[in-house]
1. Within the range 36-43, identify whether any single residue is more than 27 Å from the chain's Cα centre (by Cα) and exposed (fewer than 10 other Cβ atoms within 10 Å of the Cβ), and answer yes or no.
2. Would you point out the residue of the range 1-35, among those that are assigned to a loop (DSSP other than H, G, I, E, B) and modelled with pLDDT under 80, that is surrounded by the most Cβ atoms within 10 Å (Cβ to Cβ)?
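The values are calculated or read from the model by the stated rules, or taken from the named source; none is laboratory data. Remember, it's a predicted structure, so these values are computed and weren't measured experimentally. Note that each Cβ is placed from the backbone with ideal geometry, even for glycine, and that neighbours are counted across all protein chains shown.
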Amino acid sequence: MTLTSQKLELIQWISNLDNARLLKEIAEIRNRTNSQNTEPKRFFGCGKDIVLEIAEDFNESLDHFNEYQP
């Protein structure tokens, strides 16, 4: 049995449920797994303290790339 067929069988089984308690438990499990998989949203300025220091020679050319420079 493939994963896709297992998913379809589970969806059919859930759609045939009439028990409100079971449906509520399934919804809670889905919400818990969805909240665990989400990463915190990024916002403007969230990385402002990541770079603490930049070297003085940051803009100078690298010796590794001398043959590619004009």
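1. No, because not a single residue in the range 36-43 is more than 27 Å from the chain's Cα centre (by Cα) and exposed (fewer than 10 other Cβ atoms within 10 Å of the Cβ).
2. Only one residue tops the list, namely Leu17.
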